[in-house]
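> Please find one structure pasted underneath; my questions will follow.
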Amino acid sequence: MASVANAHLKKAHKLAGSVPAEALLVLLPAVPAQVLLDSLRRVQFDVFDPRLARGVLGLPPLWYQLQLKWTSWRRKY
């Protein structure tokens with residue numbers, strides 16, 4: 001499942017250049033999805049790993065908000 005999600009995100013990143021700037025906000029939910037996939041990769045996709053209980057990548061949920069704000073401000077997906 002994670003590999004399929006990662007393939008979709010890679011394809012979306014390749015197509016992001018053809019998306020109008022006004023529509024980039026629609027792609028922002030992919031930012032936390034990528035962070036979640038990265039954290040799962042670090043624990044070999046073991047969803048029961050106790051390190052995931054501390055938050056994604058060991059960071060609090062505020063990390064998602066900061067990533068979204070940063071990506072939105074840069075207008076880069």
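The values are calculated or read from the model by the stated rules, or taken from the named source; none is laboratory data. Given the structure is predicted, the values throughout are model-derived calculations rather than measurements. Using ideal geometry, Cβ is built from the backbone for each residue, glycine included, and neighbour counts are taken over all protein chains shown.
> Which residue is modelled with the highest pLDDT, if the candidates are limited to region 30-55 and must be surrounded by fewer than 10 Cβ atoms within 10 Å (Cβ to Cβ) and not polar (S, T, N, Q)?
48
> Here is a follow-up. Output the number of residues of region 1-47 satisfying the condition of being assigned to a helix (DSSP H, G or I) and within 23 Å of residue 65 (Cα to Cα).
Residues in region 1-47 being assigned to a helix (DSSP H, G or I) and within 23 Å of residue 65 (Cα to Cα): 29 in total.
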